Structures are given as C-alpha cells and as structure tokens.
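Worksheet: one structure, shown below.
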Amino acid sequence: MQHTRIPTRAADPLDSPPSWRRVVRQSERHFLGFDAEPLDDRLRNAGWSTEPTDRVCPRCARTVGAFGADEDGCADCRGTRPAWNRVVRLGVYEGVLGEIVRDVKFNRFRTLGARIGSMLGDQLRSRLVETGLDPAAIAIVPLPMSRRRYLERGIDHALTISRGLRTATGGTIVRILSRYHGPTQLAVPASDRRSNVSKVFRVRNSVRPPRSVSCWVIVDDVRTTGASLQSAARVLRKYLESKAQDTEADLAWRAPIWGGIVASADEP
Ligand SMILES: [Zn+2]
C-alpha cells in the first residue's frame, strides 16, 4: 500500500497567506481522491463498517447497550456537566481503526489522516444536519499540540484529521487554542490525566473566528478519559461566554461546542 505525502510546505500552512490556503485545499482534494481506495480497502478487508449510532452515547460518545442512552446521556455521563454539548466519533479504538490512528500519529501518514478525518466529517455532517446546524458554518478547532511535541513527532495529527473534516463539511479551521508543553497523556496514569492537562490550553486572542459559526468542533484522534477534550472545551467555553457578553450581535460566540474524535478508547 502506498501513501503519498503532501509536500511539507503545503501541509503546514501556519501563518500562510490566503493564496496558499487555496493551494492547500486544492491539493487536499487531489490527494484525498488519489488515496481514497487504499483506506476503503483497508477498512473493508478488516470487516469494519460504520457503527449504528444507537449504540453510542450522543453526549459523551461512549459505547452503550440498546436503549443505554438518551439526549441526557448515558449511565457514565448523566448528571455530569461536560463543557461540550455533544461528542461524535467514528468508532472504537481497536482493530483496524486503532492501527490507522497509530499510523497517522506515529508513522506520519498525512494522507491517511486526512482521509479518516473526511470519514469523521461525513458522520459529523449527518449529526449536525439532524440537529439543525449548518455543517458548512462550523468552526473546526484541532486539539492543539505543543510546538515541542510537533517537532518530536513531525506531524500535527489533529490538524491533519481536521483538514479532511474540512473537506467533508465545508467548515473552517480556526486554530484558536494553543497548548503549553507538558507530559503526553500517554505517559501519565489515567487518574492523573485530568490534572496533567487542566492548565495547558489557552485561547489565542489574535485569532478571529468567522462572524457566524453554527458550531465549534474540537477535533482529536482518540478520546480515552476525555480529560484533554474536557479541558480544551472548558477554556473555549469560558472564552466564548466572555465574548458573548461584550458583543451581542456576533453569532460566533453563542454557538454550541461539540467534540469530534476518530476513536474512543472507553476506560472504566
Ligand atoms: Zn454518555
């Protein structure tokens, strides 16, 4: 199986002028089309298919049994107050989906990341339309990684997935969050993950969102305890609420916050 790498200049359009963004989008479509077959084959050969949505909690995206969740959540999240309104996932972090997530993150398969992001985008688009939210007006917020982690890994996996999600939904990537460097969540025990990420995210005040946003979607590859997503959503929620008080007319500040994750690794 071949993976075509998007050229580094085009794959990392940080601070790039608008014309570059257009080039990036065009090459994205080109490469997504080019590489569509291998991912489809890989999933089909592994017997993977899109999961039925009635077995997933719409609020926290955990796997539940039949009738195990309603709009208020499931046994795990009912009664809690997550900073997000909803989480959409593609599947469970196991088997071929787990391999794909690891290939993107550790083997730097950018095209694969964009393609799986596009599949997540298809799921997300359906859920947004059901809820009456315009998929083309979403603000896509990649869960940020620190600069140091980016240099270590050589890929910003959440941004890569977000690019595919943008292609599928027509939304806009808004990199409004940044992250201080700290131990990776993989390196700390589950019980310490909440405190590990409680203060690492912050809002980049220089980033201006589109004037009208239907929904803010924070994107990541895997959700385990949900500590990172919760921490990022809380920071964004607080910021949006403070802005909503100042500027009555601006719709962007009042939009709900959703999470979009490729896979959830449900931990007890
Ligand atoms: Zn739940």
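The values are calculated or read from the model by the stated rules, or taken from the named source; none is laboratory data. Remember, it's a predicted structure, so these values are computed and weren't measured experimentally. Quick reminder, even Gly has a Cβ in these numbers, built from the backbone with ideal geometry, and neighbours come from all protein chains shown.
One line per residue, one yes/no per condition, for (1) in a loop (DSSP other than H, G, I, E, B); (2) under 18 Å from the mean Cα position of the chain (by Cα):
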position: 164; (1), (2): no, yes
position: 178; (1), (2): no, yes
position: 194; (1), (2): no, no
position: 199; (1), (2): yes, no
position: 205; (1), (2): yes, no
position: 209; (1), (2): yes, yes
position: 235; (1), (2): no, yes
position: 245; (1), (2): no, no
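For the stretch 132-179, what are the residues that are within 20 Å of residue 230 (Cβ to Cβ), in contact with a Leu (Cβ under 7 Å, 6 or more places away or on another chain) and of a type outside the set (A, V, I, L, M, F, W, C)?
Scanning the stretch 132-179 gives 142, 144.
Suppose we filter 133, 177, 124 for residues that are of a type in the set (A, V, I, L, M, F, W, C), without any contact (Cβ under 8 Å) to a residue 60 or more places away in the chain and more than 17 Å from residue 43 (Cβ to Cβ); which single one remains?
Numbers: 133 fails: without any contact (Cβ under 8 Å) to a residue 60 or more places away in the chain; 124 fails: without any contact (Cβ under 8 Å) to a residue 60 or more places away in the chain.
When all the criteria are applied, what remains is 177.
For residue 100, all conditions in the list (1) assigned to a helix (DSSP H, G or I); (2) within 27 Å of residue 241 (Cα to Cα) hold save one; what is the number of the exception?
(2)
When you go through (1) surrounded by 13 or more Cβ atoms within 10 Å (Cβ to Cβ); (2) at pLDDT below 65; (3) farther than 16 Å from residue 110 by Cβ one by one for residue 95, which number turns out not to apply?
That leaves (2) as the condition not met.
Find all pairs meeting these conditions: Cβ atoms under 9 angstrom apart; at least six residues apart or on different chains; first residue within the stretch 191-219 and under 12 Å from residue 177 (Cβ atoms); second residue loosely packed, with under 14 Cβ neighbours inside 10 Å and among the charged types (D, E, K, R).
Note: pairs meeting the criteria are 203/238.
When both residues are 6+ apart or on different chains and their Cβ atoms are under 8 Å apart, which pairs have a first residue that lies in the stretch 66-81 and is within 6 Å of the ligand (Cβ to nearest atom), and a second that is basic (Lys, Arg)?
Short answer, once both residue conditions are applied: 69/59; 73/59; 74/59; 74/62; 76/62; 77/59; 77/62.
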